[in-house]
Amino acid sequence: MSSITRAWTEADFRKELKSIDEYVERTQGIRLVGAELDIEFSERARCTLGQYFPKEKKFRFSLPFFNSDVPEACAIDVIRHEYAHYYADVVLGYKGGHGLPFKSACGIVRANPSTYYSKNFESSARKKEERDARVYKSGVRAGQRVKHPCFGIGSVLTVEPLKDSALLKIDFGRHGVRIIDELWLKSKGGF
């Protein structure tokens, strides 16, 4: 789910919290129920993006932040940050803010251990999101003839673009049909 293209729902928050519950159980052997805690949503845009309330054992999230054009990794990090507060409270007995027990909990739940939301983190997350969305533009077309250093001349049957290259399905006649990375073939002078 991308926070850029669709609004976050309570189900989306619970799904992310559930995945953290499962991760903690798998890696730490501790069964937590963060996905079952109460969640409140604030409609006001403010500087508090998320909160965990240890006394009530509940979360609060600012919907204007989650439903803005912030990269999904940043939105997920805010959820993990609040989950780290939950973990620190329930597992470590720490209710005191952003000290060392909280930072340790951040490491366990894979959250950025900063106290405040960072535009630098957002910028790097946005760049990663753009890289991940990128699809390689192949210079090869079906029917094109290429040369392999061992199999000789072959005819490209299909081109499957990946992020940073493409897989070419090539018929080399008596050497059979092979699947070869386009950039590798290009580096060998194949076309």
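Filter Lys15/Lys137; Lys57/Lys103; Lys127/Lys163; Lys18/Lys163; Lys57/Lys127 down to the pairs with a C-alpha to C-alpha distance above 26 Å, please.
Lys15/Lys137; Lys18/Lys163; Lys57/Lys127
Quickly estimate the mean residue ellipticity at 222 nm for the chain, helices only: each DSSP H run with n ≥ 4 gives -39500 (n - 2.57), and the total goes over all residues, rounded to 500.
Using -39500 (n - 2.57) per qualifying helix, the result is -12000 deg cm²/dmol.
Is the shape of the chain rounded, prolate or oblate, going by the alpha carbon gyration tensor and its root eigenvalues a ≥ b ≥ c, with a/c under 1.5 for rounded and a/b larger than b/c for prolate?
prolate
What residues qualify as long-range amide H neighbours of Val177, i.e. H under 5 Å apart, gap of 5 or more or another chain, H built at 1.01 Å from N?
Distant-sequence amide H within range of Val177: Phe172.
Readers should treat all values here as calculations from the given coordinates under stated rules, not as data from a laboratory. This one's a predicted model, so the numbers in the text were calculated from it and none came from an experiment.
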